[in-house]
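Laboratory data are not the source of any read-out in this text; all were calculated from the coordinates shown. All values reported here derive from a predicted model rather than from experimental measurement. A quick note on method: Cβ atoms are made from the backbone with ideal geometry, for glycine too, and the neighbour counts reach across all protein chains shown.
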Amino acid sequence: LKPEASTATLRDIDPTKLTITKTTKPGPLLKKEDLVFGKTFTDHMVSIEWDQTHGWHDPRIVPYQNLSLDPASCVLHYAFECFEGMKAYKDKQGRIRLFRPDKNMARLNKSAARIALPTFTDRNLIDILAEFARLEARFIPDARGYSLYLRPTMIGTQKTLGVSKPGSALLYVIASPVGPYYPTGFRAVSLEATDYAVRAWPGGVGDKKLGANYAPCVVPAVEAMSRGFQQNLWLFGPEQYVTEVGTMNFFVALRDRETGQRELVTAPLDGTILEGVTRDSVLALARERLVPQGWRVSERKYTMAELDEAAREGRLLEAFGSGTAAIVSPVRAISWRGKLINCGLKENEESGEVATKMKDWIEARQYGDEEHEWSYLC
Ligand code: PMP
């Protein structure tokens, strides 16, 4: 699939043409304790229009405002929408840093291309995001665990009820200050394995960050919550392969029955798994720091039956989700076929060894405590 080829000669996003219109009514800063994910937004937004004759228009930063859309806009009927989730952090010197923004830009371009929306050169939007994050720096509290969540969003704006390639689009970026996911330390969650619905399938779009992937996931999550679980675990196929948890990638640590070797396992990127930036970071750190300690790191398929057997034999050491929001989310138990599989935590434990280390290691790079190429100084 190469739907982007026809737009290649049009104008790219040009960060040198960025104009900034500052708000005349700067919003109040909430108390750190009152920050709720995605509820309050900063003073400004990035806005870049595209049309099929010119390509990308000059990028603008403008006061945060409502969009004006024709009711026939294709995004409202056929879900021409994709997005990203990434964060800006304030380091000890007060400088603003993005974490692996190249990964988010590559993913946004892949998502856009798959739904016939325009693409752009990754670097050019990173430059604009950096400028935007610097402008909104006052919204980023100066404390560990706090950050500015950035939501780049692309929509098809063409006024038409015909199902076809959008002739116009809008890329905008809004930002929401967020606090630590675990203000009082890790809280392990319990999951319900969903066996009556699937999130993604081979040849589908589960590996893209399309809005259309998310609405159908809410009912299984709500169902799981109604039975006392915090999230649902997505399985696939008659084999009951384990894929993802809620809106996170999923990792398990197993001990080999014969050799005793420890193995960190996650599902492979076979088209049904979102290419999480945190997933990639966990894998890279595991290869760098756990493999020298004798661990094996595997991107392979594994089933609920395999987890169940490992748990019964005391070989399921820990399980956790990974994603931008929480970095890691330790899992205590999984409800599957009427039984509760214990994922290896002791009663008084809220996190396993790997999850705890990964959170520390990744945060050190996000906040620039460890100088590393993953951290992009704005
Ligand atoms: N899977 C799904 C379905 C997601 O929505 C997300 C959040 N983007 C993730 C995994 C984790 O991805 P990331 O580490 O890039 O936040």
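If all Cα-Cα distances of region 1-157 are sorted into 5 Å bins from 0 onward, what percent lands in each bin, rounded to whole numbers?
1, 8, 16, 20, 21, 15, 10, 5, 2, 0
Taking just the alpha-carbon atoms of the chain, what radius of gyration and Dmax come out, in angstrom?
Radius of gyration, then largest Cα-Cα span, for the chain: 21.5, 68 Å.
Give the span of region 229-378's Cα atoms along each principal axis, as three whole-Å numbers ordered largest to smallest.
50, 32, 31
Calculate how many DSSP beta bridges within the chain are antiparallel, expressed in % of all such bridges and rounded to the nearest 5.
Counting only bridges with both partners in the chain, antiparallel ones make up about 80 percent.
Over all directions, the average projected area of the alpha-carbon convex hull for region 112-220 comes to how many nm²?
Working: hull surface 42.9 nm².
Computing the convex hull of the Cα atoms and averaging its projections yields 10.7 nm².
Calculate the FRET efficiency for A364 and R134 from the Cβ-Cβ distance with a Förster distance of 22 Å, rounded to the nearest 0.05.
FRET efficiency, A364 to R134: 0.50.
Express in nm, to one decimal, how much length is gained between T184 and D102 on full extension, taking 0.36 nm for each residue of separation and deducting their alpha carbon distance.
Roughly 26.4 nm would be gained on extension.
Please tell me the relative contact order of the chain in percent, rounded to the nearest whole number, where contacts are Cα pairs under 8 Å and at least six residues apart.
The normalised contact order for the chain reaches 17 percent.
Evaluate the relative contact order of region 276-344 (contact order divided by residue number), counting alpha-carbon pairs under 8 angstrom at least 6 apart; express in whole percent.
29 percent
Counting every Cα pair in region 65-106, what percent are over 11 Å apart?
I get 75 percent for the Cα pairs in region 65-106 exceeding 11 Å.
Can you tell me the dipole magnitude for the chain around its Cα centre, using point charges on the Cβ only (Lys, Arg +1; Asp, Glu -1), in Debye to the nearest 20?
Dipole magnitude for the chain comes out near 440 debye.
Between S68 and L269, what length in nm is gained on full extension when 0.36 nm per residue of separation is reduced by their alpha carbon distance?
68.6 nm
Which order do the peptides 23-34, 163-174 come out in when sorted by mean C-beta neighbours inside 10 angstrom, highest first? Please report the intermediate quantities before stating the final value.
Working: 23-34: 10.5, 163-174: 18.7.
Descending mean neighbour count gives 163-174, 23-34.
Rounding to the nearest 20 debye, state how big the charge dipole of region 108-185 is about its Cα centre with +1 on each Lys and Arg Cβ and -1 on each Asp and Glu Cβ. Write down the numbers at each step before the final one.
Details: 9 positive and 5 negative charges, 58 e Å.
For this selection, approximately 280 debye.
Restricting to Cα pairs below 8 Å that are 6+ residues apart, what does the relative contact order work out to for region 29-95? Please round to a whole percent.
Worked out over region 29-95, it gives 20 percent.
Relative to the longest principal axis of the C-alpha atoms of the chain, give the angle of the C-alpha long axis of helix 122-135, reported between 0 and 90° and rounded to the nearest 10°.
Taking the Cα atoms of the chain, the angle to 122-135 is about 80 degrees.
Using 7 Å Cα-to-Cβ label points, what is the H54/Y214 separation (nm, one decimal)?
2.9 nm
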